[in-house]
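J.: Before anything else, here's the structure in question.
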Amino acid sequence: MITITDVAKAAGVSTATVSRVLSGKDSVKPATRDAVMATIQRLNYKPNTLARQMRTQKTQTVIVIVPDISNTFFSEILFGIEQTAKKYDYHILIADMHSQPYMEDYYFQAIQQRTVDGIISLSASIAKSLMEQVAEEYPIVVACQYLDNYNVPNVTIDNISAASAITEHLIRLGHTKIAHITGQPTSLLYRDRFNGYISALAAHQIPIDLELVRYGASSIQSGYDQMKFLLDLNQSITAVFAAGDVMAVGAIRALKDAGLRVPEDCAVVGFDDIEISAFWEPSLTTVRQPRFDIGKTAFLKLLKLMGKQPLIHIQDILDYEIVIRESCGYQQQTT
């Protein structure tokens, strides 16, 4: 087995220099670094990960907690995290909660046992007091969830503002009977989107009818089921704001199965701009989030925390975009 001593001897440097090259330290001259890396490649040297972990007290591993890996919204965020982590020689473990909030507690124990160096949570479903307590001692970043009045590092968009903006778009198109299909109210994400929805209605003095708000899972089937329930109310609903694109797709299918046209009989808008949104029939009006940038920013924030560096901002709020497509009758807006 090739050792670090063998590499140092073959490259004509000290073992300390080889160690600095492997850890990415800037104190090594470029020519020396290139010579060491060439020797490592020629000898096919594989660093002893366990020994390095014992020496540095670092695992070079980060857990990313995902509410539901089957939701394609998270794929580009995970890609942003993974690509950025790779540049800094970190490995990513993906922990799927399967939409079960209690699972987040289990994964938070991993960092307390020092089996990982940090956590990026795309869920934020545990109690505020517990999250803040753990974040005081360990590197934790929450992404996708807007944590108002939390002392926890956070990367997100303003979900309240975005939900209000897309509801206002429906109001500008003349809709006043607007239903809302959303996820579980225990999720901060869906609470914020609900708050944006009702704030837009209130701003235009449109009565808030909670009978038109339906809660369910973040899935196509749930969107379908909740839309069918709304249709059975016979409330003359003319528009639906779904708090996620997968729910919006299900709602459109339910409307079509009921013999209704989208958007002529009922407009539908979503949130997240997942890939299927542009190709569904009709294509879906939605809120586009900068998902890759959310993942990248979240990891860079976590990297600073793991390196015990101060954060300039505890919260990064990134821009969003309202993408107008066929499902809300965008042609009405341009005529």
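J.: Of all residues in segment 279-301, how many are free of Cβ contacts under 8 Å to residues at least 12 places away in the same chain and under 16 Å from Leu170 (Cα atoms)?
T.: The number of residues fulfilling the criteria is 0.
J.: Look at segment 61-75 and say how many of its residues are assigned to a helix (DSSP H, G or I) and open to solvent by 30 Å² or more (accessible area, probe 1.4 Å).
T.: 1
J.: While we're on this one: Going residue by residue through segment 320-329, is there one that turns out to be exposed (fewer than 14 other Cβ atoms within 10 Å of the Cβ) and closer than 19 Å to Leu147 by Cβ?
T.: No, the conditions are met nowhere in segment 320-329.
J.: Suppose we keep only residues that are among the basic types (Lys, Arg) and part of a helix (DSSP H, G or I) within segment 158-217. Which one would you say is nearest to Glu321 (Cα to Cα)?
T.: The selected residue is Arg193.
J.: If I filter segment 262-279 for residues that are touching a Phe, Trp or Tyr at 6+ places or on another chain (Cβ under 9 Å), assigned to a helix (DSSP H, G or I), surrounded by fewer than 24 Cβ atoms within 10 Å (Cβ to Cβ) and of a type outside the set (Asp, Glu), do I get at least one hit?
T.: Among the residues of segment 262-279, not one is touching a Phe, Trp or Tyr at 6+ places or on another chain (Cβ under 9 Å), assigned to a helix (DSSP H, G or I), surrounded by fewer than 24 Cβ atoms within 10 Å (Cβ to Cβ) and of a type outside the set (Asp, Glu), which makes the answer no.
J.: Which residue is modelled with the lowest pLDDT, if the candidates are limited to segment 78-137 and must be hydrophobic (A, V, I, L, M, F, W, C), open to solvent by less than 20 Å² (accessible area, probe 1.4 Å) and within 11 Å of Val66 (Cβ to Cβ)?
T.: Met97
J.: Just the residues that are part of a loop (DSSP other than H, G, I, E, B) and loosely packed, with under 14 Cβ neighbours inside 10 Å, please, taken from segment 218-256.
T.: Within segment 218-256, Leu233, Asn234, Gln235, Ser236 qualify.
J.: Answer with yes or no whether Leu22 is at pLDDT below 90, surrounded by 12 or more Cβ atoms within 10 Å (Cβ to Cβ) and over 24 Å from Lys87 (Cβ atoms).
T.: No.
J.: A further question follows. Any idea which residue in segment 3-18 is farthest from Tyr45 (Cα to Cα), counting only those that are hydrophobic (A, V, I, L, M, F, W, C) and not in a loop (DSSP other than H, G, I, E, B)?
T.: Filtering segment 3-18 for residues that are hydrophobic (A, V, I, L, M, F, W, C) and not in a loop (DSSP other than H, G, I, E, B), the one farthest from Tyr45 (Cα to Cα) comes out as Ala16.
The values are calculated or read from the model by the stated rules, or taken from the named source; none is laboratory data. All values reported here derive from a predicted model rather than from experimental measurement. All Cβ positions, even for glycine, are placed from backbone atoms using ideal geometry, and neighbour counts span all protein chains on display. The protein model used for the area step is the full one, side chains on, heavy atoms only, and it has no ligands, DNA or RNA in it. Shrake-Rupley method; radii C 1.70, N 1.55, O 1.52, S 1.80 Å.
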